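Taking it in order: structure first as structure tokens, then the write-up.
The values are calculated or read from the model by the stated rules, or taken from the named source; none is laboratory data. Every value quoted in this text rests on a predicted model; they were computed, and no experiment measured them. Here Cβ is always computed from backbone atoms with ideal geometry, including for glycine, and neighbour counts include all displayed protein chains.
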Amino acid sequence: MEKLPLEIITNIVKYLPFDDRHQMTLVNTTCHFATLHPKFAKKVLFNYDQTKYDDEPKGTSNKEICYHAQQFDYFKLALLNTQKCILNVRLNTVTFQQLEDIISVVDVSDRIVSLHLVNIDLLKDSFLDSITNNCFNLKELVLKQIFNITFTMKSRKQLLNLKSITFYMINISDEDFNILMQLAPNVTDIGLGQCKLIRWPQAIRRFYPQYRDNNSLTVFNSNLVFTSTNIINVLKTTKKLINLRLDECCDIFVELSSHIKLESLKFDGFKILCACSSPSYLEEINLKLSEHISLQKLEMDFMFCCALTAVTKLYNLKYLNVKVTEILCNTITCVPNFFESLVNMTHLKTLHFDILKDMENDDSTVAIPVSAMSNLTSLHLINCFIDVQKIIIFGKNLTNLKLSNGDILKGEDFQLLFKNLTSLRHLRIYNCTNLEDNNLMKSPISNLKGLISLKLFQSKLSYQCFQYIKCLDLKRLSISYLSLKLNHELEDFKTSLIQFSDLVPSLTDFQLYLTCNEYIWHNKLNALTEIKFSENDFFQSEINKCRTQYFAQVWETTRTAHLKKILVRIYLDTDILKILLLGEYDDDEVLLWYMSEEKKKSMIYYLQREVSKVIMKYLSAVI
């Protein structure tokens with residue numbers, strides 16, 4: 001493979017997931033140079049976060065400043081030395097001088113295509129001058145948590161390649177906003193979130209005396225306030241705008257003209273919901289939404305069911321993500337009516353539907369019909385359900401399925417899913433309280449030949465379920481809760497894992513949540529002698545000393561040599577230990593320890609004594 005031309009390697013590697021490409025570059029020099037291709041480099045983020053270094057040197061402020069400067073120089077050197085032709089740069093909590101140091105270096109700035117600025121105290125004219133003169137390839141600009149912006153109107157070069165701008169939690173004025181937007185005449189994507197906006201006409205008139213509700217003031221140039229009216233005027237004059245992300249600024253959408261041909265829209269309806277004082281306002285929102293028939297992607301958070309009637313008129317939708325609330329609406333009637341009306345949405349491929357329920361209400365879910373959903377390839381349902389027989393009817397094309405109410409499914413229903421939805425690539429089911437080993441035995445998951453990700457939560461499976469999961473392409477597996485009798489089944493558990501590793505050679509992420517519902521060393525507790533631990537760190541070090549990386553040894557001799565993550569969490573639910581043992585994990589660590597009998601006794605005593613104040617940082621195994 002080392003002898004193959006670079007172009008051929010590039011075409012081969014582009015079919016691999018990004019993580020696999022990275023592993024391949026470590027062993028193949030030709031592949032290393034192939035990954036420098038822009039197709040791959042655009043996924044690499046150069047991130048400098050000064051907050052990571054704030055706690056490092058404990059001394060005088062001069063030493064801390066020198067340390068931060070040294071770390072920034074390392075980051076800057078990495079940018080200069082990289083061979084990648086495009087750079088995605090994210091700067092968090094840097095000074096304005098450090099920011100200018102990056103964007104003023106020609107060898108770096110002309111390769112920056114994405115620039116994320118987070119938690120910056122000040123942006124001024126020299127920043128705009130630098131990016132307009134040097135960052136002429138810039139395509140994406142994200143401004144987040146910018147506390148002070150002072151721009152001056154003057155002649156500057158335009159950023160013709162700049163397509164996306166995001167404003168999030170920034171302190172900006174109308175004048176600064178207008179200056180920045182004028183530099184991006186070809187912008188297609190704009191995001192606004194949690195900005196301090198002046199919305200009320202009475203407040204706007206304090207800064208624009210000529211403004212009235214019934215007339216349009218075309219010039220908004222105050223350097224003191226940021227008004228929603230000015231944003232609307234700018235959006236109306238943006239000729240190429242197709243993607244709009246409004247988050248909590250969603251009331252701006254109501255004022256937008258339907259002449260703006262949006263293809264993607266995202267907004268949070270909470271503030272619209274708070275302003276819904278009359279039915280006429282709800283009708284206005286429905287009318288505005290139904291006018292944007294060019295929409296292909298729509299995301300609505302905290303929206304009321306009444307607005308769903310307008311969604312069904314958007315017949316060009318391909319992606320729909322809706323989180324509806326029960327406030328002001330009756331979901332039991334509105335939601336089924338909405339799904340019935342999907343018959344006209346023949347282009348819809350992805351549907352994520354979530355009913356936001358009040359935690360104090362009952363746990364009842366909403367049954368939805370399936371009249372015409374045969375085109376769907378991805379379906380996520382939360383707090384609502386579809387009869388399994390109907391899922392099988394329309395689900396022949398499903399590649400992604402997520403169900404939150406698995407407790408409604410019977411064992412036979414799981415068997416039908418595993419048997420019929422053979423196109424699935426990703427399957428996630430919560431509350432699988434009726435899923436047992438015999439269900440997998442009758443209809444094994446091995447039927448899903450192309451499965452990549454499998455997550456089954458709150459199940460009644462045991463370690464014996466592994467023999468029914470044979471998926472050559474499976475990369476991510478999560479199962480909870482897996483019952484295990486620690487005193488009797490450990491060797492069988494180990495044997496089943498070794499056999500299972502042959503069935504899933506591509507597995508890279510393996511997560512198990514074990515339950516141990518039995519008395520553990522119950523008869524030995526009375527004989528324990530007092531053992532004192534002065535500090536938690538000492539006990540932690542004792543645990544680390546007895547670590548043998550049990551699972552790593554089990555999987556070492558198998559074909560899953562590229563396994564990156566194993567997370568095992570053991571829940572001890574006994575009358576003796578009422579504590580949740582949680583484990584943190586790294587890519588190269590396996591957090592399941594083998595402990596000697598003496599160490600087990602020490603751990604049990606320690607947990608008894610400290611149970612009221614200690615949640616252990618690492619998983620302490622009882623194998």
- Right, Leu138: in contact with a strand residue (DSSP E or B) (Cβ under 8 Å, 6 or more places away or on another chain), assigned to a loop (DSSP other than H, G, I, E, B) and more than 18 Å from Ser173 (Cα to Cα) or not? yes
- Item | Selection status of Ser446, in a helix (DSSP H, G or I), of a type in the set (Ser, Thr, Tyr) and touching a Lys or Arg at 6+ places or on another chain (Cβ under 9 Å) | yes
- Query: Where residues in the range 102-130 are of a type in the set (S, T, N, Q) and part of a helix (DSSP H, G or I), which of them is surrounded by the fewest Cβ atoms within 10 Å (Cβ to Cβ)?
  - Reply: Ser126
- Just one of the numbered conditions (1) basic (Lys, Arg); (2) modelled with pLDDT of 90 or more; (3) in a helix (DSSP H, G or I) is not true of Lys402; which one? (3)
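Results for (1) at pLDDT 90 or above; (2) under 27 Å from Asn233 (Cβ atoms); (3) assigned to a strand (DSSP E or B); (4) in contact with a His (Cβ under 9 Å, 6 or more places away or on another chain), shown as yes or no for each residue.
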{"residue": "Phe75", "(1), (2), (3), (4)": "no, no, no, no"}
{"residue": "Cys85", "(1), (2), (3), (4)": "no, no, no, yes"}
{"residue": "Glu100", "(1), (2), (3), (4)": "no, no, no, no"}
{"residue": "Thr132", "(1), (2), (3), (4)": "yes, yes, no, no"}
{"residue": "Lys144", "(1), (2), (3), (4)": "yes, yes, yes, yes"}
{"residue": "Met153", "(1), (2), (3), (4)": "yes, yes, no, no"}
- Unique match (being assigned to a helix (DSSP H, G or I) and modelled with pLDDT of 85 or more) among Ser290, Ser341: Ser290
- By residue number, the members of the range 449-467 that are part of a helix (DSSP H, G or I) and buried (at least 21 other Cβ atoms within 10 Å of the Cβ) are Tyr463, Cys465, Phe466
- Item | Search result, residues across the range 308-323 that are at pLDDT below 85 and either closer than 16 Å to Leu381 by Cβ or out of contact with any Ser or Thr (no Cβ under 7 Å at 6 or more places or on another chain) (or both) | Leu308, Thr309
- How many of the residues making up the range 239-269 are modelled with pLDDT under 90 and either in contact with a Gly (Cβ under 9 Å, 6 or more places away or on another chain) or surrounded by 15 or more Cβ atoms within 10 Å (Cβ to Cβ) (or both)? 14
- Message: So Cys329 ticks every box in (1) surrounded by fewer than 21 Cβ atoms within 10 Å (Cβ to Cβ); (2) of a type outside the set (S, T, N, Q); (3) touching a strand residue (DSSP E or B) at 6+ places or on another chain (Cβ under 6 Å); (4) modelled with pLDDT of 85 or more but one. Which box is left unticked?
- Response: (4)
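State all residues of the range 162-182 that are assigned to a loop (DSSP other than H, G, I, E, B) and either modelled with pLDDT of 95 or more or not assigned by TED's automatic domain parsing to the domain that holds Thr93 (or both); if no residue qualifies, say none.
The answer is Leu162, Lys163.
Out of the residues in the range 368-393 meeting the condition of being part of a loop (DSSP other than H, G, I, E, B), under 14 Å from Thr350 (Cα atoms) and at pLDDT 80 or above, tell me which one is nearest to the chain's Cα centre (by Cα).
Among those that are part of a loop (DSSP other than H, G, I, E, B), under 14 Å from Thr350 (Cα atoms) and at pLDDT 80 or above, it is Thr377.
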